[in-house]
Amino acid sequence: MATLQGLDRGLAALAFVSQNPAGVTVADVAAHLDVDRAIAYRIVATLEARALVTQGRNKRLRLGAGVIALAGRFSSQLIQAAEPSLQDLADEVGAPAFLTVAHGEDECVPVLEADPKVGQGPVRVGYRIGLRYPLDRGASGIAILALAEPRPGDSTAVREARELGYSHTAGELQRGAVGVAVGFEAPGHLRASVGIVTMDDIDPAEVGPLVDAAARRLAELGVG
C-alpha cells in the first residue's frame, strides 16, 4: 500500500521525539529523517500546531499535551473493546479478571476489572485499579515481561511464562492471592496483559488456556 511521505515523516519525527525524554533539536530531527533542515522545521511546526510536540526555551523539542489527549482516547477505546472479553473470562473462571498495561520499563498498571456474575468466593482480592505495581512481581507484570525476546538476565518466572504460555504466581502482591496472566501487544507497541487474580484454589493448567483464549480474543478485536 502506498504511503504519504509527508505524513510518514511527521510520524517518524514524533516517534523520535518520544524516544528522547531530554529533548531533541530541529537539527537532530533533520539528521534522523535525513532531510534538509527547512523540511524538518516545517514538520516540527506542523506537530507544534497540533500540540503534539512543544519547544522549550532551550529550543529542545519534547512531547506536547496533544499526545496526552490521544493517549487518553486510546485507553478508553482499549478498555471499551476489552470489557466483553474480560467479563467472559471472569465468568468462565469464577474469579476477578484484569486488564493491565505497562507503565514505563519497570511498572504496570491495572486499568480494568471484571467481576464474575456468579461463583466468586467470599474473600476479595485487594488488587486496585490505577495503582502501579512492579513488572517483575505478580502474574500480570511477569506476563508482560515475557513478551520480550529472551535475555540472559531473565528471571525463572519470566522463562517459565514463555515456556508455559502463561505466568503463574502466588502471594507476591497480596498474601494468599494467586494470579494467572497472558501478555499481548496492543497498537502502538503498548505492552499489556490479561489475567485473573483470586484467593481461591485454582489449577493453573486449567485456567491458563482460558486466559490465553481471552488474550487471543483481544487480539482478534484489534486491540492486541
Going by accessible area, probe 1.4 Å, with all protein chains left in place, what is the ranking of Leu135, Leu7, largest first? Leu7, Leu135
Could you tell me the convex hull volume per residue, in Å³, taken over the Cα atoms of the range 1-108? 146 Å³
Exposure of Val44 as accessible area (Å², to 10), given a probe of 1.4 Å and all protein chains: 10 Å²
In a Gaussian network model of the chain with springs linking alpha carbons closer than 10 Å, the residue among Leu11, Leu52, Leu89 that fluctuates most is Leu11
Between Arg159 and Thr3, what is the spin-label point distance in nm, taking each point 7 Å from the Cα along the Cα→C-beta axis? 3.8 nm
The chain - percent of accessible surface contributed by carbon and sulfur, probe 1.4 Å: 52 percent
Average projection area in nm² (convex hull over Cα atoms of the chain, one quarter of hull surface): 14.6 nm²
State the Cα centre-to-centre distance between the range 30-60 and the range 129-154 in whole Å. 35 Å
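Per the helix-only calculation at 222 nm, which mean residue ellipticity applies to the chain, given -39500 (n - 2.57) for every DSSP H run of n ≥ 4 and division by its residues, nearest 500 deg cm²/dmol? It would help to have the intermediate numbers written out before the result.
Numbers: 7 runs with 97 residues, N = 224.
Helix contribution divided over all residues of the chain: -14000 deg cm²/dmol.
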Heads up, I need the accessible area for Tyr41: 1.4 angstrom probe, whole protein in place, Å², nearest 10. 120 Å²
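How much accessible area per residue does the chain have, in Å², with a 1.4 Å probe?
Normalised by residue count, the accessible surface of the chain is 56 Å².
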For the chain, the dipole about the Cα centre with charges only on Cβ (Lys and Arg +1, Asp and Glu -1), to the nearest 20 debye, works out at 1260 debye
Just to make sure I understand: if all protein chains stay in place, what is the order of Thr198, Thr46 by accessible area at 1.4 Å, largest first? Thr46, Thr198
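The values are calculated or read from the model by the stated rules, or taken from the named source; none is laboratory data. Everything numeric in this text was worked out from a predicted model, so none of it was measured. Virtual Cβ from ideal backbone geometry, glycine too; neighbours counted across all protein chains shown. Heads up: the accessible areas ignore ligands, DNA and RNA and are worked out on the full protein's heavy atoms, side chains in. Shrake-Rupley method; radii C 1.70, N 1.55, O 1.52, S 1.80 Å.
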